[in-house]
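**Student:** Pasting a structure below so you can have a look.
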Ligand code: C5P
C-alpha cells in the first residue's frame, strides 16, 4: 500500500527515520513529505535513502503530474509524525501553504498524527480545541506520551516511539470487512459494593475487551463499549470515532447498559468478568472494627447477563461469551475444552472464547491465548499473541456467522 509520512519540524523527526523503516519492512511503499523546517532536523538525503523514493518539499515540483494533490489522492494512509502544534493548527483550519497541507487536504485516506511538542503547547486551549476538531473529523491521534522533552523538560508532549506509531498506522490499513456491523462489547470487571468504600472485584484489566473494540472499529464496525472499571491508560486504546463508551460499575449496572446496547446491536460480545455473587447487603456506612466481631458477608447470586441476552436474542443476532478457566491440571487442554463445551451449551452462546487463566496467565497481561468454540462445540478458531491478535481471530469467527442486515 502507499503510505505518505509527513514529517514536520520537531526534534522528534529523527525518530521518524525508524518509523519509515518499519513501514517499509512491513511491505509498504513510503513517500516522505517533510516541511522545510523538518529538514533542519533531518536532511533530505536521509529521507530519500531510507524511503527509497524521491523527496521534495515544494508544491511547485512535478507540476505536470499535479504532485501537490496526487500524493494525497494516491495515498492509502497518511501519517504525520512528528505533528507539531503549528501543523495541527493548520490541519484544523484546512491551511494548505505547503506540500504537507495540500497532501492532507487532497486525501480521503485515513490520517494518523503523532503529536510532539512541549507540554505547555500540548495543554494550551488552542491545541486542545484543534485536536478535538481533528478527532471529530476522524483523524486518529497517537499519543503523545508523557516523558522527557527537548531541553530537559518533562511532561506530556513526547512523541510515541516509532514501533508504537507503526502499530497504530498499520492497524488503519486493515480491510473494513465489518463495515455496517453494530457491535456491543462489555469489558473489564464488575465491582460489587460491600459498603461505600469496599467492593468484591476481580483482576480483569479490560485489555482484551478494549482490544476487541479497537479491532472491530478499525475493521469498520460501530462499537458500543460498556466499560466496567477499566483504567484510563487501558481505555485510551478505545479512543476512536466509531467507539462510544458507556461506564458500568456493578453487575447490575452492566446488565442495564448491555441490555440497552444490545437493542441496537447485531453482535454482542460479553468479554467482561462479571461477579457471580454480590453481597446481600450493601452497608450504608463503612463497616468498622469498632462494631465488634468479624462481619460475615452473605452473598446472593447475580443474574447471568449473557444468558439473559441469549433469551432475548433477536433473529440474526450473534452472541459471544467468554470463559476464563482454571483447569485442575495447569495446561490441560482437554479438560479446558470439556468445561468450555458445557458452558457453551448452558449459556446458549453462538461462540465461546476460552482462555486459561491463573496467577501468571491471562489477567493484566499484554499477551493472551484463546480458542473459540462454535455452537456445535467444535473449535472454530484459535489464536495466541497480543490481545489484538486474539481480538482479530475472535472477530474473524464472528464475521463467518454474521449476516449483514442489508
Ligand atoms: O460462567 P462464567 O462466569 O465463566 O461465564 C463467563 C461468561 O459469562 C462471560 O462471557 C461473562 O461476561 C458472562 N457472565 C455474565 N453474567 C454473569 C457471569 C458471567 O454475563 N453473572
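**Student:** Looking at the stretch 371-384, can you tell me whether even one residue there is within 12 Å of the ligand (Cβ to nearest atom), at pLDDT 90 or above and surrounded by 15 or more Cβ atoms within 10 Å (Cβ to Cβ)?
**Tutor:** No, there is no match, as no residue in the stretch 371-384 is within 12 Å of the ligand (Cβ to nearest atom), at pLDDT 90 or above and surrounded by 15 or more Cβ atoms within 10 Å (Cβ to Cβ).
**Student:** Pick from 325, 290: which is within 13 Å of the ligand (Cβ to nearest atom) and modelled with pLDDT under 90?
**Tutor:** Details: 290 fails: within 13 Å of the ligand (Cβ to nearest atom).
Just one listed residue meets the conditions, 325.
**Student:** Could you name every one of the helices (runs of 4 or more DSSP H) located completely within the stretch 1-91 that has at least 2 residues being in contact with a strand residue (DSSP E or B) (Cβ under 7 Å, 6 or more places away or on another chain) and closer than 14 Å to residue 169 by Cβ? Step through it out loud before you land on a result.
**Tutor:** On the way: elements: 13-25, 44-51, 67-74.
Output list reads 13-25.
**Student:** Could you give every pair whose Cβ atoms fall below 6 Å, whose first residue belongs to the stretch 324-343 and is closer than 11 Å to residue 355 by Cα, and whose second residue is within 16 Å of the ligand (Cβ to nearest atom) and in a helix (DSSP H, G or I), counting only separations of at least 6 or pairs across chains?
**Tutor:** Partner pairs satisfying both residue conditions: 325/336; 325/339; 327/335; 327/336.
**Student:** What do you reckon, is residue 315 more than 14 Å from the ligand (Cβ to nearest atom) and either surrounded by 11 or more Cβ atoms within 10 Å (Cβ to Cβ) or farther than 30 Å from residue 374 by Cα (or both)?
**Tutor:** no
**Student:** Going through 25, 15 one at a time, which residue ends up being surrounded by fewer than 24 Cβ atoms within 10 Å (Cβ to Cβ), assigned by TED's automatic domain parsing to the domain that holds residue 72 and within 10 Å of residue 81 (Cβ to Cβ)?
**Tutor:** 15
**Student:** In the stretch 301-320, how many are part of a loop (DSSP other than H, G, I, E, B), touching a strand residue (DSSP E or B) at 6+ places or on another chain (Cβ under 8 Å) and under 14 Å from residue 266 (Cβ atoms)?
**Tutor:** Residues flagged as part of a loop (DSSP other than H, G, I, E, B), touching a strand residue (DSSP E or B) at 6+ places or on another chain (Cβ under 8 Å) and under 14 Å from residue 266 (Cβ atoms) within the stretch 301-320 amount to 2.
**Student:** Condition first: surrounded by 17 or more Cβ atoms within 10 Å (Cβ to Cβ) and touching a residue at least 60 places away in the same chain (Cβ under 8 Å). Now tell me which residues in the stretch 35-67 satisfy that.
**Tutor:** Step one: of the stretch 35-67, the residues surrounded by 17 or more Cβ atoms within 10 Å (Cβ to Cβ) are 35, 37-39, 41-42, 46-47, 50-51, 55-57, 59, 67.
If the condition is that a residue be surrounded by 17 or more Cβ atoms within 10 Å (Cβ to Cβ) and touching a residue at least 60 places away in the same chain (Cβ under 8 Å), then 35 is the only one that fits.
**Student:** Only residues that are touching a residue at least 60 places away in the same chain (Cβ under 8 Å), away from the ligand (no atom under 16 Å from the Cβ) and touching a strand residue (DSSP E or B) at 6+ places or on another chain (Cβ under 7 Å): list them for the stretch 240-285, please.
**Tutor:** Within the stretch 240-285, 264, 266, 282 qualify.
**Student:** Does the stretch 179-187 contain at least one residue that is part of a helix (DSSP H, G or I), within 16 Å of the ligand (Cβ to nearest atom) and farther than 16 Å from residue 114 by Cα?
**Tutor:** Scanning the stretch 179-187 turns up no residue that is part of a helix (DSSP H, G or I), within 16 Å of the ligand (Cβ to nearest atom) and farther than 16 Å from residue 114 by Cα.
The values are calculated or read from the model by the stated rules, or taken from the named source; none is laboratory data. Not measured: the values here are computed from a predicted model. Virtual Cβ from ideal backbone geometry, glycine too; neighbours counted across all protein chains shown.
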